[in-house]
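Working notes for the structure below.
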Amino acid sequence: MSVLVESFSGPPPLLRGLRTMRERGITPQGSVATAPATGPYYEDQPQEPDGPVSLRPPGDMNRGNVPPPAASPGGAPNTAVAALPPDYRPEEGAPKELPAHLRRQEVVYPTNQPAGTIIIDTPNTYLYLILGNGQAMRYGIGVGREGFTWTGTERISRMSEWPDWHPPKEMIERQPYLPRFMAGGASNPLGARALYLGKTLYRIHGTNQPSTIGSFVSSGCIRLVNEDIEDLYSRVQVGTRVVVMPGANQSPAASTNGGATAIR
């Protein structure tokens, strides 16, 4: 009886076909292509526009007001919230009403800054959005605690709804117990919206602790109650100029003349 022996040289035809497709840059149907990883927020910031920035009228305040769920997939509790230290945890119960002077209101505010400019009045804990004709919308804010206030001029480089929180390494070095990441939501320390300032670590953002408005509490960021940051977010755009005035113990000579100082 003769036995037919078939010689084998190289991979089977199917494997050879797949290899040839990959060499030609063709992704076989059903395979998963790996997307490039995205960098930190400042790597995808739009470039600052040239020329003046117009004031944007308030938009639809119902869009994006519902926060992402606080629970992780599968209904498990958000362990990141439980890991937050007391000064970062969301306040419980009905929020206290802001004092009258810290509530959002249109005020008379003479200035030579053009309409659409944001002015941060650090010592008085106010944020002004210049409307023109001597008028401004005033918001109560929380500002940097002692040693963390700053002064200078920046532009909004990015805007985000219900932003994720990535504490910068400077904060981690000072407070190593902080989480390295926290998904956006009502319990997130950045609140409902965030306006990123240039390429600095500073932001104008919401808060999960509304009782801190009017206080010197942050690491240099400017915080508003969520309702106010949503209103401000609807009125500004990328490129809006932000002027931060000196704090109570700062002299104008300490200004960075166009850029924010680094977080200390």
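Okay, here's what the table says:
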{"read-out": "Relative contact order of the stretch 102-251, defined on C-alpha pairs under 8 angstrom at six or more residues apart (%)", "value": "31"}
{"read-out": "Which of His205, His166, His101 has the fewest Cβ neighbours within 10 Å, and the rest in rising order", "value": "His101, His166, His205"}
{"read-out": "Förster radius 25 Å - calculated FRET efficiency between Ser215 and Glu97, Cβ distance, rounded to 0.05", "value": "0.95"}
{"read-out": "Ascending count of other beta-carbon atoms within 10 Å, so fewest first, for Phe148, Phe181", "value": "Phe181, Phe148"}
{"read-out": "Gain upon complete extension [Arg174, Gln135; 0.36 nm per residue less C-alpha separation]", "value": "10.0 nm"}
{"read-out": "Ranked list, fewest to most other Cβ atoms within 10 Å of each Cβ, for Asp228, Asp121, Asp164", "value": "Asp164, Asp121, Asp228"}
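None of the figures in this text is laboratory data; all of them are computed from the coordinates on show. Being a predicted model, the structure only gives us computed values, none of them experimental. Quick reminder, even Gly has a Cβ in these numbers, built from the backbone with ideal geometry, and neighbours come from all protein chains shown.
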